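Structure first, commentary second.
Read-outs: derived from the displayed coordinates by stated rules, not from any lab. These numbers were taken from a predicted model, which means no experiment stands behind them. No Cβ is skipped: glycine too gets one built from the backbone with ideal geometry, and neighbour counts run over all protein chains shown.
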């Protein structure tokens with residue numbers, strides 16, 4: 001949408017994420033388990049969309065690391081959870 005990566009790069013990320021899910025390195029999150037009130041309050045207080053605040057809430061509720069390329073989301077999320085970029089994730093996987 002923002003044309004910050006090429007179609008090939010996006011496909012590579014999608015394939016990698018699917019592989020990581022199959023290998024149980026990352027787990028899908030059940031969004032029905034998110035505390036909606038807390039997420040909405042965080043979104044308003046931090047000037048985030050509910051969608052972005054739900055990523056933080058998901059990471060908090062599962063003690064997960066939030067992987068994002070969104071600089072604004074990463075800056076806010078660091079107040080609540082550990083964050084890394086996709087490239088950081090690639091490096092971690094390569095060294096494991």
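At a glance:
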{"quantity": "Where N is the number of residues in the chain, Cα Rg divided by 2.2 N^0.38 Å", "calculated": "1.13"}
{"quantity": "Pairs of alpha carbons in the stretch 30-70 whose separation is greater than 14 Å (percent)", "calculated": "41"}
{"quantity": "Label-to-label distance, nm, for residues given as residue 70 and residue 82 (7 Å Cα→Cβ offset)", "calculated": "2.2"}
{"quantity": "Relative contact order of the stretch 29-94, defined on C-alpha pairs under 8 angstrom at six or more residues apart (%)", "calculated": "25"}
{"quantity": "Computed [θ] at 222 nm, deg cm²/dmol, the chain (DSSP H ≥ 4; -39,500 (n - 2.57); rounded to nearest 500)", "calculated": "-18000 deg cm²/dmol"}
{"quantity": "Two-site FRET efficiency, residue 91 against residue 31, from Cβ-Cβ distance with R₀ of 41 Å, rounded to 0.05", "calculated": "0.90"}
